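Taking it in order: structure first as structure tokens, then the write-up.
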Amino acid sequence: MVKEALVKVAVAVTLFYASLCAFAQPYPNKPVNLVVPQTAGGTNDIVARLIASSLGDALGASIVVENRPGAGGNIGTQSVARSAKDGYTLLLTINSAQAINPALYKNPGFDPINDFVPLYYIGATPYVLVSPPNSPLKTLADVIATAKKKPGELSYASAGNGTISHLLGAMLNTSAGVDMQHIPYKGVAPAINDVLGGQVPLAFASLPSALNYIKLGRLQAIAISSAKRSSAAPEIPTLAETYPDCVGEVWVAIFAPAGTNPAAIQKIQSAMKKVLIMPDVREKLMAQGLDLTPVPPEKLGSLLKDELAKWARIVKASGAQLD
């Protein structure tokens with residue numbers, strides 16, 4: 001009995017000191033989960049996988065990219081908000097989830113300001129209106145003329161209700177005085193697939209998700225949604241060249257749960273700064289159509305607040321609302 005008791009005490013002491021050593025180890029000492037709250041193939045998924053290896057090297061830990069889609073990004077975003085505040089679970093998201101969902105959903109399950117710490121802004125990219133390669137809808141003028149001839153018949157696909165790709169179509173309807181019908185999908189990849197297959201005549205897709213198809217001639221690029229033409233595809237005209245109010249971009253940024261260890265935050269920000277000046281990383285991101293004009297970490301919170309106000313107005317005008 002005494003021997004068994006001594007063994008138990010020894011085990012307890014060993015575990016106690018092991019836990020102290022683990023606690024005392026500097027961050028990071030285990031893999032970091034980078035949660036993408038959308039399906040594979042979207043802008044933030046592409047960005048996450050392009051930077052994961054370099055970020056892991058700069059941070060000194062492996063980065064595990066994890067897709068947690070559902071409810072327009074709410075499920076993955078909620079999971080990060082409720083995760084441990086230790087720097088081992090981060091959110092790599094887009095503004096449609098972080099800045100639009102609070103206006104679109106009655107209860108998105110998270111507070112974009114109070115539940116998160118803005119860590120690092122990565123870049124922004126426009127959406128592109130695309131059609132199948134054999135479609136007669138080759139220009140914006142073609143689209144508008146067809147929509148006016150057949151009110152309510154011409155449809156466009158989006159990545160889901162309330163996403164920027166949905167709201168851009170609503171904005172174009174208003175600006176051009178047409179009535180294109182919206183078809184929501186569960187992510188950009190299935191929307192693009194149905195355009196490729198000819199089941200849907202048009203789609204608004206983020207430039208990174210559509211650019212390879214455009215370069216291969218499998219999709220026609222009609223117009224992009226940025227205020228000026230993209231350096232990655234300068235031949236594609238902008239919507240704003242015809243309708244100045246039709247501007248909307250997706251930006252990508254990293255957030256951590258509110259209350260995350262400040263030392264971990266500092267290390268992540270330092271690592272991201274190193275990653276985004278690496279020539280090979282910048283080249284890959286820019287080739288996907290991302291504008292890497294920097295936004296300092298301390299300004300990311302202000303950008304988010306501005307976007308929340310902007311998209312709340314657009315969501316209200318569109319009449320979109322989800323439970």
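Sequence-ordered 3J(HN,Hα) estimates for region 63-79 from the Karplus curve with 6.51, -1.76 and 1.60 and θ = phi - 60° stand at 10, 9, 7, 10, 7, 10, x, x, 6, x, x, 5, 5, x, 5, 4, 4 Hz, glycine and proline given as x. Across q = 0.21 Å⁻¹, region 149-203 modelled as identical point scatterers on its alpha-carbon atoms has Debye log10 I(q)/I(0) values of -0.71, in the order of the q list.
Distance between Cα centroids, region 232-270 to region 291-323: provide it in whole Å. What the calculation gives is 10 Å, centre to centre. As I understand it, the value is the acute angle between the Cα axis of helix 43-59 and the longest principal axis of the Cα atoms of the chain; what does it come to in degrees, rounded to 10? Computed tilt is about 30 degrees. Calculated over region 181-319, the projected area of the Cα convex hull averaged across directions stands at 10.7 nm².
Where the convex hull is taken over the Cα atoms of region 149-258, what is its projected area averaged over directions, in nm²? Quarter of the Cα hull surface area: 8.2 nm². Two numbers describe the Cα atoms of region 73-113: Rg and Dmax, which are 10.1, 30 Å. For region 133-210, the solvent-accessible area of protein heavy atoms averages 39 Å² per residue (probe radius 1.4 Å; ligands and nucleic acids excluded). Accessible surface for Asp57 stands near 120 Å², nearest 10, in the context of the full protein assembly shown (1.4 Å probe).
The lysines within cross-link reach of Lys267, meaning a Cα-to-Cα straight distance under 21 Å and a gap of 8 or more places when in the same chain, are Lys30, Lys85, Lys299. Counting only protein heavy atoms and a 1.4 Å probe, tell me what percentage of the chain's accessible area is made up of carbon and sulfur. The computed percentage sits at 57.
Our helix-only sum for the chain, with -39,500 (n - 2.57) per DSSP H run of n ≥ 4 divided by its residues, gives a mean residue ellipticity at 222 nm of -13500 deg cm²/dmol. Computed from Cα positions, the angle between helix 164-176 and the longest principal axis of the chain comes to roughly 20 degrees. Here the Karplus curve 6.51 cos²θ - 1.76 cosθ + 1.60, taken at θ = phi - 60°, turns the phi angles of region 271-276 into couplings of 5, 5, 4, 5, 4, 7 Hz, with x standing for Gly and Pro. Across Met286, Met272, the residue with the most accessible area heads the list, and the full order at a 1.4 Å probe is Met286, Met272. Take every pair of alpha-carbon atoms less than 8 Å apart whose residues are at least six positions apart; their mean separation over the length of the chain yields a relative contact order of 26 percent.
Relative contact order for region 101-180: 24 percent, from Cα pairs under 8 Å spaced at least 6 residues apart, divided by residue count. For Ser158, the residues 5 or more places off, or on other chains, whose built amide H falls under 5 Å of its own are Ile183, Tyr185. In this structure the amide hydrogen of Ser206, modeled in the peptide plane, comes within under 5 Å of the amide hydrogens of Val128, none closer than 5 places in sequence on its chain. Largest accessible area first, the residues Glu235, Glu249, Glu241, Glu307 order themselves as Glu235, Glu241, Glu249, Glu307 under a 1.4 Å probe with ligands, DNA and RNA left out. In plain terms, the C-alpha convex hull of the chain casts an average shadow of 19.3 nm² when viewed from every direction.
Within the straight-line cut-off of under 25 Å between alpha carbons, the lysines reachable from Lys138 are Lys148, Lys149, Lys150, Lys215, Lys228, sequence neighbours fewer than 8 places apart in one chain being disregarded.
For region 21-177, the C-alpha radius of gyration divided by 2.2 N^0.38 Å, with N the number of residues, is 1.30. For Phe116, nonlocal amide neighbours, meaning residues 5 or more places apart or on other chains whose placed amide H falls under 5 Å from its own, are Ala258. Against the chain, whose longest principal axis is taken from its Cα atoms, helix 140-149 shows a tilt of about 60°.
Computed from backbone phi, the HN-Hα couplings of region 234-251 come to x, 6, 8, x, 9, 4, 5, 5, 9, 10, x, 7, 8, 9, x, 10, 9, 10 Hz, rounded to whole numbers (Karplus: 6.51 cos²θ - 1.76 cosθ + 1.60, θ = phi - 60°; Gly and Pro given as x).
The values are calculated or read from the model by the stated rules, or taken from the named source; none is laboratory data. All of these numbers come straight from a predicted model, not from anything done at the bench. Only protein heavy atoms, including side chains, enter the accessible area calculation; ligands, DNA and RNA are left aside. Shrake-Rupley method; radii C 1.70, N 1.55, O 1.52, S 1.80 Å.
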